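Notes follow the structure.
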Amino acid sequence: MKASTSNRRQFLGTTAAAGSLLASRPQAQAPVSRPAGKPAVLGGTPVRSKPFPSWPVTDQTEEKALLDVLHGGTWFRGDGKTVDRFEAEYARVMGSRHCLATANGTSALITSLAGMGVGPGDEVIIPPYTFIATLNAVLIRFALPVFVDVDRETFQIDPGKIEAAITDRTAAIMPVHIGGSAADMKSILEIGRRRKVPILEDACQAHFGEWEGKKLGSLGAAGCFSFQASKNLNSGEGGAILTDDESLAEKCFAFHNNCRPRRINSLNFTYLGPAGANLRLTEFQAGLLLAQMTRTEKQARSRNRNALYLTKLLEAIPGIRPARLYPGNSRSAWHLYMFRYEPEKFAGLTRSRFLKALRAEGVPASSGYAPLQRDPLLKEAIGSKAFRMLYPEQRLKQWWERNQCPANDQVCEEAVWFTQTMLLGEQSDMDQIAEAVAKISRHAGDLLKI
Ligand SMILES: *Cc1c(COP(=O)(O)O)cnc(C)c1O
């Protein structure tokens with residue numbers, strides 16, 4: 001969730017400024033039936049004054065983990081040390097045979113694509129509703145990103161549109177479990193099997209989310225995670241790849257270790273190509289991750305409990321359409337709580353005014369991603385010397401023409417996001433979020449000029 005750093009700063013400011021008048025306000029029952037108070041943005045009392053839970057959550061566990069590495073003297077990835085321990089633990093918890101820790105989620109994606117042999121001339125299918133790293137990983141391998149539009153109801157890649165995008169150049173399908181909720185893995189795995197295209201899951205937002213009881217990121221040929229500070233498992237920066245395929249795991253290891261296969265500390269200078277980089281995680285970060293992981297399952301349960309409850313409340317408010325989960329998505333990771341906002345049900349109140357009014361009530365919210373398939377960056381990338389050398393002009397021209405994602409354009413205009421930390425507190429926090437939305441709904445007509 002890195003799209004809106006400035007928004008986040010803005011709304012944190014709003015929350016802090018809301019004061020502490022309402023700390024002991026009685027809990028909401030049905031939000032829609034509460035008496036009408038004036039909207040905070042018009043000078044009324046905000047629904048909520050308390051800040052939401054802060055992130056990251058730490059205690060002495062983290063301190064000890066960091067000091068152990070500090071005093072242990074091995075600060076970079078050492079054989080049998082903390083990174084190895086983290087990988088074994090993450091693989092165990094996620095139900096995968098192999099885990100490779102990387103410097104961050106972007107490098108996990110790049111390393112996986114490299115390990116799978118994806119490169120110039122290849123096509124990789126991705127959804128446009130994602131963080132730019134998904135796209136960058138494909139571009140930096142000089143492969144062509146092929147956008148498949150999203151399903152407006154779920155915000156995920158539209159499973160019904162994937163097959164038509166497959167060509168004999170398709171080297172991978174990269175579904176993104178956006179917001180931590182699952183893409184339709186039943187359909188996607190089936191398409192992959194039938195068309196013999198490997199599935200690389202971008203699970204960078206989906207730690208501990210599940211599909212039919214199995215962990216997201218453990219279902220495809222490989223799955224990638226980010227441990228960047230905003231993510232549900234955090235070591236400041238960090239990443240990991242999961243796979244059951246030993247040969248892929250070894251290729252990825254070599255790629256992330258400057259073409260050097262295991263072991264790390266050996267003075268073995270034989271290389272496994274074709275090319276590589278240093279994308280290793282440090283021992284400090286692995287220590288932090290092991291410490292953070294003592295809480296991850298409990299946090300995942302809290303988010304899930306709160307998010308499902310919030311959905312019940314918000315669904316009752318006309319014009320609020322929470323992103324639907326696919327039936328197989330037995331648990332979302334809820335990195336983001338996403339819904340579509342319909343201005344016509346709010347007297348025509350624009351989304352940006354809705355967000356402003358919501359923030360004033362003490363509920364931080366943002367509008368999320370802009371359409372990636374139209375980002376000017378793409379023109380620069382596809383028009384660059386490398387792409388012009390690698391791809392016939394006709395193929396690039398066709399690529400531009402195919403690149404239409406109307407549902408994504410719509411989702412980008414309608415989306416509203418809450419962040420994962422807002423789901424870590426009490427059920428009463430959810431009551432207040434819903435109450436704030438309901439209050440704006442009741443007063444929508446008065447807010448048209450804010
Ligand atoms: C965060 C994120 C990444 C990249 O992870 P970093 O650790 O920031 O490099 C990739 N894909 C998605 C969907 C993400 O949210």
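Some notes on this structure:
- Debye, to nearest 20: dipole size of the chain, +1 on Lys, Arg Cβ, -1 on Asp, Glu Cβ: 660 debye
- Other residues lying with their Cβ under 11 Å from the Cβ of N278 contribute a combined charge of +3, Lys and Arg counting +1, Asp and Glu -1.
- For the chain, the longest principal axis of the C-alpha atoms and the axis of helix 185-195 are separated by about 30°.
- Taking all protein chains together, S352, S441 sort by accessible area into S352, S441, largest first [probe 1.4 Å].
- Hypothetical label at E342: residues of the stretch 293-317 whose amide nitrogen lies under 11 Å (7 Å Cα-Cβ projection): 317
- Accessible surface ranking for R193, R402, 1.4 angstrom probe, highest first: R193, R402.
- C-alpha long axis of helix 105-115 to longest principal axis of the chain, angle in °: 30 degrees
- 0 to 90° range, to nearest 10: angle between helix 60-72 axis and the chain longest Cα axis: 30 degrees
- Per residue solvent-accessible surface (Å²) - the stretch 127-192, probe of 1.4 Å: 27 Å²
- Cα-based Kirkwood hydrodynamic radius, the chain, one decimal, Å: 22.9 Å
- A helix-only calculation puts the chain at -12000 deg cm²/dmol for mean residue ellipticity at 222 nm, using -39500 (n - 2.57) for each DSSP H run of at least four residues, averaged over all residues.
- Protein accessible area in the stretch 60-294, 1.4 Å probe - carbon and sulfur %: 53 percent
The values are calculated or read from the model by the stated rules, or taken from the named source; none is laboratory data. Source: prediction; values computed, not measured. Please note: Cβ atoms are built from the backbone with ideal geometry, for glycine as well, and neighbour counts cover all protein chains shown. Remember, those area values only see protein heavy atoms, side chains included, never the ligands or the DNA or RNA. Shrake-Rupley method; radii C 1.70, N 1.55, O 1.52, S 1.80 Å.
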